[in-house]
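Since the structure comes first, as structure tokens, the remarks are kept for the end.
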Amino acid sequence: MATPYNGPAPYAFVSYSHVDRVRVEAWLDLLESIGCRMWFDEGLTLSQEWNDELAAKVSGSSFVFFFASKDSVKSKVARRELSHADRHGIAVLPISLDGCELPDGLQFMLDKQLVRDDIDPKEALSKIRSDLPDELFGVETYTFGSEAQLKRAWYIASGKAKKARRIIVASALAVAAAAILGLGLTLGRNEAATTLQSMQAEPTPAALDVYASTLTGYHMAGNYQTVDHLPEEQSEYTVSEAFSITSFIENTGDESAFVESTRMDILSLEPVEEPVVLTDVGMVGNDFYVFAMNDGWGDADEPLELAAFNSKTGEEIPFDSICSEVDIAPSIVLPAGCVNRVAHLTFDPEKFAANAGESVFGDAEVVIREHLEDGSWSYGWTIVYSAHDGFYIFWPGIGDGSDYTITLFALLDVDQNPSSIIFTGAEANPLVNGTFRVETVVAPTRSCHLQVRNVFTVTGQENPVQTEVYDVKVIVPRYRDGIFYRTGVLTQQLLDDPDASMMHFTELAQPYRYDPTHILENHV
């Protein structure tokens, strides 16, 4: 088996999908047998920074092999590797594993013609060798002009090995690789006879099993390409909106195995009727309004207490020392899905200037927080500052957590209480040689607590294979994300008539009802 090169000499970087590990390893063995130095990510250890190491290895390489398949062309990691190579002016040679077509975006980055998997081996190896710079080779190299030279290139394993051992080992490598890669290769009679005598045993039948799996929130879908990077297991999970189960399936037999169906068994399912209270604020002139929304599936009755703080000293500032009017409800009482105003403050410019803290944004400022039921102050906070005879709101910045990819998706209608969900699509019915990664994403229609496992039925295998049972609580919102946050689009509508009734506010919210399928947008 090929080993990653970590020395000072020039080397080629290998970009591929770990789903294709078996076929890629056969190619790497062949390339290494003719002296090609290569680095691929099995050389990483868990103590290394994965992304930094990959970037350094790409930029430090003299050449890049890209093993193209239906999985690798969709891999975010492979795309980053190729983009990094392109930025550093490093040539990339694509080698097809399954006859897939390269997307236009990838073709634009590649300056070498695709080596296809359906051509003659002599032509394939000649094409590869002609594109490789001589500096990548640590032993003598060959021009594949004759059958003898082609044969020699396929069976050389080590420049220092004894000739007899080299012929036997490298010839076996050539036959095995030719079978895996679908390449027709004719060996010399002596070498082939020696090899074939050792390969007369009947191939072992396919035997599939799930050797690793994990459950995460859907926003991590597509991020775990190898078993080494799976997060630690938990006994229970709580996620927002939807969840993902990533499974690694291994075929320990010699024959291929076809997964007839991929499904999720639902062993228990209970709706969760809990309130989820959100608050948002807005300014109209000198008036500061606080609105509350019950984004959950149970009625809310929670105490409410607001307080203002000096942003420099941290000392609490009484509202009557900075406001001319103060109207704060003692509690948030909201049926599920309802919206209402819960506080109204009118800031007095003179009082505010005299008693608020010094501001980096304007003349003076205060920090407003919500007092929680457990006695602590909320992490979320709002800065109100005065400047140019007006009052304004400022929030700190936030990041974007939208980097995920969904391949198999299903909607779970909680009210229907199904016992299982069957996934459809090419990824649900793979042909497995070696290892294969299957990732499913399920989006319930409402908050629920459930126990689930993924199950795979396999052609010719009596018993299906399955993941462990996962216990997960999914908090599903009633309204779309962002409409009621940092003076969101709904809050802006509420400010048009801040003294309206709860019924009016709730009616304004209805066009923004949450749709579980929204997570598919731009992520498939």
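The values are calculated or read from the model by the stated rules, or taken from the named source; none is laboratory data. Everything numeric here is computed off the predicted structure, so don't read it as measured data. No Cβ is skipped: glycine too gets one built from the backbone with ideal geometry, and neighbour counts run over all protein chains shown.
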All positions within the stretch 455-478 that are under 18 Å from P430 (Cβ atoms) and surrounded by 15 or more Cβ atoms within 10 Å (Cβ to Cβ): V455, F456, T457, V458, Q461, P464, V465, Q466, T467
Condition check: at positive phi, surrounded by fewer than 16 Cβ atoms within 10 Å (Cβ to Cβ) and touching a strand residue (DSSP E or B) at 6+ places or on another chain (Cβ under 9 Å). Does G434 satisfy that? no
With a cut-off of at least 3 residues that are modelled with pLDDT of 90 or more and within 41 Å of the chain's Cα centre (by Cα), name the strands (runs of 3 or more DSSP E) lying wholly within the stretch 298-367. 331-334, 339-347
Tell me yes or no: at least one residue of the stretch 227-238 is under 21 Å from the mean Cα position of the chain (by Cα), assigned to a strand (DSSP E or B), surrounded by fewer than 18 Cβ atoms within 10 Å (Cβ to Cβ) and not assigned by TED's automatic domain parsing to the domain that holds G488. yes
K74: at pLDDT 80 or above, more than 22 Å from L136 (Cα to Cα) and either out of contact with any His (no Cβ under 6 Å at 6 or more places or on another chain) or not hydrophobic (A, V, I, L, M, F, W, C) (or both), yes or no? yes
When L412 is run through (1) at pLDDT below 95; (2) out of contact with any Asp or Glu (no Cβ under 6 Å at 6 or more places or on another chain), the failure sits at (1)
For the list (1) of a type outside the set (A, V, I, L, M); (2) farther than 30 Å from V441 by Cβ; (3) within 40 Å of the chain's Cα centre (by Cα), I need the number of the one condition that P275 fails. (2)
When G482 is evaluated against the numbered criteria (1) surrounded by 16 or more Cβ atoms within 10 Å (Cβ to Cβ); (2) of a type in the set (G, A, S); (3) touching a helix residue (DSSP H, G or I) at 6+ places or on another chain (Cβ under 8 Å), which criterion, by number, is the only one it fails? (1)
Do the conditions hold for L520, that is, is it on the phi < 0 side of the Ramachandran plot and modelled with pLDDT of 95 or more? no
Within the stretch 60-81, residues within 15 Å of N223 (Cα to Cα), outside any helix (DSSP H, G or I) and among the charged types (D, E, K, R) come out as D71
Go through the stretch 492-523 and report how many residues are more than 22 Å from G298 (Cα to Cα) and over 26 Å from the mean Cα position of the chain (by Cα). 9
Answer yes or no: is there a residue in the stretch 283-295 that is at pLDDT below 90 and out of contact with any helix residue (DSSP H, G or I) (no Cβ under 8 Å at 6 or more places or on another chain). no
What number of residues within the stretch 293-306 satisfy the criterion of being of a type in the set (G, A, S) and surrounded by fewer than 16 Cβ atoms within 10 Å (Cβ to Cβ)? 1
Give the residues of the stretch 469-502 that are within 17 Å of L278 (Cα to Cα), out of contact with any Phe, Trp or Tyr (no Cβ under 6 Å at 6 or more places or on another chain), free of Cβ contacts under 8 Å to residues at least 60 places away in the same chain and not β-branched (V, I, T), sorted by residue number. D481, G482, Q493
Being touching a helix residue (DSSP H, G or I) at 6+ places or on another chain (Cβ under 9 Å) and surrounded by fewer than 18 Cβ atoms within 10 Å (Cβ to Cβ): is that true of D497 here? yes
Being touching a Phe, Trp or Tyr at 6+ places or on another chain (Cβ under 8 Å), surrounded by 16 or more Cβ atoms within 10 Å (Cβ to Cβ) and of a type in the set (D, E) is true for just one of D280, D265. Which residue is that? D280
Only one of these is at pLDDT below 90 and assigned to a strand (DSSP E or B): F436, F456. Name it. F436
Can you tell me which condition T506 does not meet? The list is (1) in contact with a Cys (Cβ under 6 Å, 6 or more places away or on another chain); (2) outside any strand (DSSP E or B); (3) under 30 Å from S268 (Cα atoms), and all the others hold. (3)
